[in-house]
Amino acid sequence: MVRAFSSVGGGRAAMTESAEQAGPDAADSVATFVEQFRSLKVQAGNPSLNDLARRAGVPRSTVADAFSPQRHRLPRLELVTALVRAFGCPPAEVDRWESAWKRVERTLLGLPPTPARGHSFLPPDVPDFTGRSEEAARLVAEIETRAASTVVISAIDGMAGVGKTTLAVHLGHRLRARFPDGQFFLDLQAHTAGMAPVEPASALHMLLRAWGMATEDIPDTLAERAAAWRSEVADRRVLLVLDNAASADQVCPLLPGTPGSLVLVTSRAGMPGLVGARSLSLDVLPSAEAVDLFAQVLGERADAEPDAVAEAVRLCGGLPLAIRVAAARLHHRSAWTVRDLVRRLAEGRRLTELSTVDGGVATAFAVSYRQLNAEQRRMFRLLGVFPGPSIDALAAAALADLPVDRAEALLEELLDVHLVRQDKVGRYTLHDLLRDYARATAQDKEPADHREAAIHRLLDYYLRVTDRVGDLLAPDRPHVELPLEPWSLAVPVLDDQAAALAWADAERPNLVAALRRAGDLGLDHYLRHIPRNLTKYLMFQCTLDENVAVHQTVIESARRTGDWVTELRSSGNLSVPYRQAGEYRLALTYAERAVALARMFDPRSLGPNLNNLGTVLAVLGDYPLAIAHFQESLAAYAAAGLDTHRSGSAARNLGAVLNIVGRHDEARELLWRAVEMARAAGDEWSEAFALNEFGTAIARLGRRDEAITHLRTALAIGARTGDPRSVAQVRGNLAEVLRQAGRHDEAVTHVRRAMADLRTLRDVSQLADLHHVLGLILHDLGRFQGALAEHRRALHLADPIGDLLEQSHAHRGMALAFDALGEVRSATEHWRLAHEGYAQLGVPLAVEAARRLTAEGERV
């Protein structure tokens with residue numbers, strides 16, 4: 001029985017058997033003892049006799065004689081133990097050689113063997129064991145409640161490097177006192193590089209020899225050995241760690257048959273066939289435990305760079321093996337800082353940095369990969385080609401050119417062996433380090449034309465599905481014939497807007513990543529059509545960063561190919577999220593570029609692009625110019641012969657600005673017309689926007705109850721169509737009307753919910769307005785300090801983006817609060833600032849501000 005110890009792997013010990021190398025427990029004569037002793041020397045690196053003599057403190061000739069195959073007597077016990085220590089073996093290994101020497105000596109003297117019961121064959125516990133307290137507590141509780149009535153079997157599974165063996169050995173040491181009849185550790189070699197899994201019969205031979213049974217007494221067949229093992233440990237309390245198991249068939253013959261014992265099984269795959277076992281699937285470490293492990297391995301240097309340590313463990317994906325390798329690597333490089341390590345890990349060569357002389361992370365992954373069949377390997381490689389973070393069976397089927405049922409089966413098979421994970425039902429993802437390995441393996445093993453064909457199929461799939469999504473989310477969009485290739489693979493069934501939104505939400509990061517990949521590969525026709533299919537979704541559902549990633553890629557492609565129409569479309573579309581995020585100058589730049597290109601190349605698109613430019617001018621406070629652009633937009637729609645519904649957005653925006661500048665009757669008429677146009681076209685999305693503005697307009701005419709009804713209808717439509725921005729905007733306007741009606745509790749509820757939505761969407765202007773509304777509510781409730789704080793928050797948001805209307809609202813709110821608090825000078829200053837802003841904008845609130853400013857001046 002031979003053990004090989006690896007400190008980097010977390011204290012794993014291997015116990016293997018072969019004809020040539022059975023370890024000291026297989027020795028039953030002087031010849032076999034010396035043979036195994038010589039094998040140990042080879043395993044230790046074959047040190048010279050001089051080195052061994054120096055380490056053991058004995059003459060060279062004595063060492064040479066100990067290894068002589070011509071010996072007829074055992075070497076002295078003191079010499080054997082000294083040489084085993086000289087080989088660098090741990091104390092447990094020294095004990096095993098001492099036990100073997102004594103057993104052979106008793107055999108030579110004709111005495112019966114001494115049973116090995118009570119001996120511990122556990123590898124050393126990891127001194128820096130960290131975390132896993134919850135998992136350990138579960139296993140200990142299981143043992144305490146069930147050990148008296150059954151053999152407790154705990155099957156620990158998880159991906160390579162997740163710390164299965166480390167946990168099992170640690171638990172073994174914690175619990176060893178409860179199992180005084182022996183603690184055994186057996187590596188079954190299911191995932192040991194270059195080694196075949198241990199056959200159950202061989203494993204039983206090792207266990208029986210370790211128990212103390214003489215070789216000649218061990219039965220020949222598997223069934224007989226299993227029966228002998230169960231008989232030997234019957235009514236005993238033993239702990240059995242079966243590490244690195246392949247299957248339930250390999251494990252079952254090794255199990256004790258009577259209550260009182262504990263079996264810990266570790267495996268990279270779950271073992272549903274192991275009857276009576278309680279499963280524990282280990283995930284990567286939570287960030288706090290990962291940081292603790294890194295610090296334990298590195299030492300005090302970790303304390304000086306906590307942020308860098310957190311980043312390092314993030315780049316290690318929380319995988320214990322990776323963390324240990326990274327921290328140990330840094331520990332041996334005193335000139336490096338943790339930030340140096342982070343830089344190296346972030347440079348796209350993580351697997352190289354996380355390798356060791358003995359292998360490291362990539363080696364552990366490679367063993368799992370080699371055990372896959374050809375079809376599973378191909379799917380794993382193609383997951384490395386896939387550009388996004390998660391995949392479903394339909395996309396995987398397109399990627400691999402397989403029927404969807406077969407693709408799903410392969411994904412499930414990879415899930416079983418922890419090469420993929422499943423955080424949501426039906427969606428599969430790779431651990432970051434496994435994704436790196438899959439990508440590198442695909443680069444090495446998958447032909448380039450196969451990789452390119454897989455990406456083409458994936459993009460064809462996205463092109464087809466997004467075409468359906470676009471039809472459902474924007475039923476009024478112009479129809480465009482798509483360059484679709486013949487297709488025989490499955491696509492999702494999308495029957496309504498809710499289904500379309502759910503699909504797009506799930507695939508959103510994949511779509512962004514796939515379009516970036518299309519840009520890298522110069523696949524321009526996908527960039528022309530997929531974003532066009534997703535125009536409304538990108539505009540209202542996606543973040544600024546996602547929009548920038550998509551539209552900048554499209555614009556670069558369009559400029560490269562001279563496709564001015566596609567450039568103008570993406571320029572106009574990109575201006576919208578820039579406006580929503582408060583990046584008004586960038587929004588203006590892209591909106592003006594789109595209008596210029598429309599005038600030159602596509603007059604039919606002039607209407608929507610003038611409308612878009614008008615919205616940017618409106619938030620910049622140039623209401624006269626915004627009104628002019630909206631009016632020109634309506635004329636351009638008519639000149640192009642487009643149906644009236646398409647001009648509804650321009651009518652709605654024009655009405656909203658007319659409302660702001662006090663032209664309420666004109667605004668009300670335009671906005672109701674926009675509502676009717678949207679309803680006639682069956683466009684609920686546009687209807688919600690129009691009802692929102694219409695409700696706000698009639699509230700200013702004093703028709704609050706009617707306004708609340710329309711705003712609630714808009715809110716219901718927005719919730720149904722899944723547009724978080726429109727929902728948040730409606731909630732803000734509804735809250736203000738409810739405030740005016742004295743329904744403050746309802747108003748606060750709507751404001752709070754809208755704030756929560758907008759913080760994730762980075763719509764700074766709307767968020768500022770919500771703080772302003774909340775400040776007015778608190779003011780009405782007499783909570784003037786709270787009101788002042790909310791208006792200050794609104795100003796803090798509005799100042800950096802230069803939103804003059806929201807800045808003026810904030811100053812007005814602060815002036816009201818200071819008035820109520822009796823701070824006349826502060827109130828006067830903010831009335832002055834509010835008046836300047838409102839006057840510059842040309843809105844009616846300037847009159848109120850001027851009147852209050854005059855009154856404050858008389859009080860000072």
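What follows is calculated from the coordinates using simple rules that are stated; it is not laboratory data. It should be emphasised that the depicted structure is a prediction, and the values quoted were computed from it without experimental measurement. Reconstructed Cβ throughout: ideal geometry from the backbone, glycine too, with neighbour counts over all protein chains shown.
Would you work out if the stretch 412-496 is rounded, prolate or oblate? Take a ≥ b ≥ c from the square roots of the eigenvalues of the alpha-carbon gyration tensor; rounded if a/c is under 1.5, else prolate when a/b is larger than b/c, oblate otherwise. Oblate, because a/c is 1.5 or more while a/b does not exceed b/c.
Note: relative contact order over the stretch 678-754, using C-alpha pairs below 8 Å and six or more positions apart, is 26 percent.
Overall form of the stretch 133-281: oblate. Here a/c, set by the Cα gyration tensor axes a ≥ b ≥ c, is 1.5 or more, and a/b is not larger than b/c.
Rounded to whole Å, give me the distance from the Cα center of the stretch 683-724 to that of the stretch 314-335. Spelled out, the Cα-based centre of one part sits 55 Å from the other. Relative contact order, whole percent, for the stretch 408-530 stands at 20, derived from Cα pairs under 8 Å and 6 or more residues apart.
In a reduced charge model with +1 at each Lys and Arg Cβ and -1 at each Asp and Glu Cβ, the stretch 16-108 shows a dipole moment near 360 debye about its Cα centre.
Shown in residue order for the stretch 589-599 are the 3J(HN,Hα) couplings computed by the Karplus curve 6.51 cos²θ - 1.76 cosθ + 1.60 at θ = phi - 60°: 4, 6, 5, 5, 4, 5, 5, 4, 5, 5, 4 Hz (x for Gly and Pro). For PHE184, the amide hydrogen comes within under 5 Å of the amide hydrogens of PHE121, LEU239, LEU240, VAL241, counting only partners 5 or more places away or on other chains and with H modelled in the peptide plane. Scalar couplings 3J(HN,Hα) for the stretch 97-106, obtained by applying the Karplus form with A = 6.51, B = -1.76, C = 1.60 to θ = phi - 60°, are 5, 5, 4, 5, 4, 5, 5, 5, 4, 5 Hz; x denotes Gly and Pro. Any chance you could give the angle, 0 to 90 degrees and rounded to 10, that helix 606-619 forms with the longest Cα principal axis of the chain? Helix 606-619 and the main axis of the chain meet at about 90 degrees.
Among 312-320, 845-853, 626-634, sorting by the average number of other beta carbon atoms lying within 10 angstrom of each residue, highest first, gives 312-320, 626-634, 845-853. As I understand it, the dipole of the chain uses +1 on the Cβ of Lys and Arg and -1 on the Cβ of Asp and Glu, about the Cα centre. Which of CYS316, LEU79, GLY648 lies farthest toward its positive end? After comparing all options, I get LEU79.
Rounded, prolate or oblate: which fits the stretch 287-363 when a ≥ b ≥ c are the square roots of the eigenvalues of the alpha-carbon gyration tensor, with rounded for a/c under 1.5 and prolate only if a/b beats b/c? Cα axes put the stretch 287-363 in the rounded bin.
Amide H to amide H distances under 5 Å link SER281 with ASP157, where only residues 5 or more positions off or on other chains count and H is placed in the peptide plane. About the centre of its Cα atoms, the chain shows a dipole size close to 1460 debye [charges on the beta carbon of Lys, Arg (+1) and Asp, Glu (-1) only; nearest 20 debye]. From helices alone, the chain scores -20500 deg cm²/dmol at 222 nm; the rule is -39500 (n - 2.57) for each run of n ≥ 4 DSSP H residues, then divide by the residue total.
Rounded to the nearest Hz, the phi-derived 3J(HN,Hα) couplings of the stretch 177-186 under the Karplus curve 6.51 cos²θ - 1.76 cosθ + 1.60 (θ = phi - 60°) are 5, 7, 10, x, 7, x, 10, 10, 10, 9, where x marks glycine and proline.
Our summary gives the chain a relative contact order of 6 percent, counting only alpha carbon pairs under 8 angstrom and 6 or more residues apart.
Once each part is reduced to its C-alpha centroid, what is the distance from the stretch 368-386 to the stretch 285-307 in angstrom? Here the two parts' Cα centres lie 33 Å apart. When Kirkwood radius over Cα pairs in Å is computed from the coordinates, the matching label among [x] 30.1; [y] 38.8; [z] 32.6 is [z]. Close amide-amide hydrogen proximity is noted between ALA269 and GLY158, each under 5 Å apart and 5 or more residues distant or on a separate chain (H modeled in the peptide plane; Pro and chain starts excluded).
Averaging Cα coordinates gives a centre for the stretch 546-592 and one for the stretch 727-761; these two points are 31 Å apart. Using +1 at the C-beta of Lys and Arg and -1 at the C-beta of Asp and Glu, which of VAL619, LEU293, GLY273 has the Cα lying farthest in the positive direction of the dipole of the chain? Farthest towards the positive pole: LEU293.
Along the positive direction of the dipole of the chain (beta-carbon charges: Lys, Arg +1; Asp, Glu -1; about the Cα centre), which of SER48, MET206, ALA27 reaches farthest? So the residue we want is SER48.
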